[in-house]
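Visitor: Here's a structure for you.
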Amino acid sequence: MIRTILKSDKNSLTLELPDDLVGKTIEVIAFSIEDAKEKITKPVSNKSKAVAFKDNLADFTFNSGGYKFDRTDANDYE
């Protein structure tokens, strides 16, 4: 899947497809949006997507501080 948000300065655009979409039936939809929060003007590599994903999840990481789980203590009910 490709999602690109851009602002065109002419009425003609060229879309380059990845190799896995060549020969498949695709749908292209164009509509106007107001106040786009992000501008994507070119495809990004998988590596940069992974870095961006990791950065977005940085606030949700957990550091156990060396905690080790002891199954014996967890199952000791007495």
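Visitor: From the list 16, 27, 34, 38, which residue is of a type in the set (Asp, Glu), at pLDDT 85 or above and either surrounded by 10 or more Cβ atoms within 10 Å (Cβ to Cβ) or in a loop (DSSP other than H, G, I, E, B) (or both)?
Guide: After applying the criteria, what remains is 27.
Visitor: Output the qualifying pairs, or none if there are none: Cβ atoms under 8 angstrom, residues six or more apart or on different chains, first residue in the range 1-30 and at positive phi, second residue open to solvent by 100 Å² or more (accessible area, probe 1.4 Å).
Guide: Close Cβ pairs satisfying both conditions: none exist.
The values are calculated or read from the model by the stated rules, or taken from the named source; none is laboratory data. Computed from a predicted structure; not experimentally measured. With ideal geometry, Cβ positions are generated from the backbone for all residues, glycine too; neighbour counts draw on all protein chains shown. What goes into the accessible areas is simple: the full protein's heavy atoms, side chains included, and nothing from ligands, DNA or RNA. Shrake-Rupley method; radii C 1.70, N 1.55, O 1.52, S 1.80 Å.
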